[in-house]
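Inspection log for the structure reproduced underneath, given as structure tokens.
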Amino acid sequence: MQALISLTSNDFELFGLIPRFAQDRPAIDARWKELQRQTHPDKFAAQGGSAQRVAMQWSVRINEAYRRLKNPLERASYLCELNGAAINAENNTAMPTAFLMQQMEWREALEDADSLLDVETIETEVRQRRGEMLAEIAQTLDEKNDFPAAANQVRSLMFVERFASELESRLEQLGQ
């Protein structure tokens, strides 16, 4: 475990990645597996309970970093936070009018949806918009380095993600 970075290193340092939004998911997965192999508590059984507890701390820290890095929304939020642009989603819910209108239209369409096809049509639109938003966030973070603007985009994406979860629930209901 000495070869690892400090437990207090940020997730990107821990995984040996450049701190940017665009990441190679297979590389993140491979690094996670490598780090888990290096720190698995069973590997330290012969060194006693203390070494196993330290290994467990590493394992928890690695899993926490992996969870954040593999999820685009969490990774974007984390990058904003690392660069002094707090998301503050609980306290800052101000959104542009056009965005709020789109949210209302989607919610009304979902409420009126009578068939699986209706809900799938909404889901397709939401998935497309989510992809566009992720591309905008990538540009804002990686090209413009505008972390406060990215924080606003992340807050918007959080709304879309929440609605997408509602869509999934509705699809499950209709699919049964």
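Over 17 Å from Val160 (Cβ atoms), among the acidic types (Asp, Glu) and surrounded by 17 or more Cβ atoms within 10 Å (Cβ to Cβ) - does that describe any residue in the range 14-34? Checking the range 14-34: not a single residue is over 17 Å from Val160 (Cβ atoms), among the acidic types (Asp, Glu) and surrounded by 17 or more Cβ atoms within 10 Å (Cβ to Cβ).
What about Glu108, is it surrounded by fewer than 17 Cβ atoms within 10 Å (Cβ to Cβ) and over 26 Å from Leu79 (Cα atoms)? Spelling it out, Glu108 is indeed surrounded by fewer than 17 Cβ atoms within 10 Å (Cβ to Cβ) and over 26 Å from Leu79 (Cα atoms). When Ala65, Ala51 are screened for being in contact with a Pro (Cβ under 9 Å, 6 or more places away or on another chain), surrounded by 13 or more Cβ atoms within 10 Å (Cβ to Cβ) and among the small types (Gly, Ala, Ser), only Ala51 passes.
Residue-by-condition table, conditions (1) in contact (Cβ under 8 Å) with a residue 24 or more places away in the chain; (2) in the same structural domain as Ala30 (by TED's automatic domain parsing); (3) within 27 Å of Asp146 (Cα to Cα); (4) touching a Ser or Thr at 6+ places or on another chain (Cβ under 7 Å):
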{"site": "Arg75", "(1), (2), (3), (4)": "yes, no, yes, no"}
{"site": "Asn83", "(1), (2), (3), (4)": "yes, no, yes, no"}
{"site": "Ala86", "(1), (2), (3), (4)": "yes, no, yes, no"}
{"site": "Met104", "(1), (2), (3), (4)": "no, no, no, no"}
{"site": "Ala113", "(1), (2), (3), (4)": "yes, no, no, no"}
{"site": "Leu117", "(1), (2), (3), (4)": "no, no, no, no"}
{"site": "Arg127", "(1), (2), (3), (4)": "yes, no, yes, no"}
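With respect to the stated conditions, Gln57 fails to be surrounded by 13 or more Cβ atoms within 10 Å (Cβ to Cβ), under 27 Å from Ser165 (Cα atoms) and outside the structural domain of Phe147 (by TED's automatic domain parsing).
The values are calculated or read from the model by the stated rules, or taken from the named source; none is laboratory data. Because the structure is predicted, anything quoted here is derived from the model rather than measured. Counting neighbours? That spans all protein chains shown, and the Cβs are built from the backbone with ideal geometry, glycine included.
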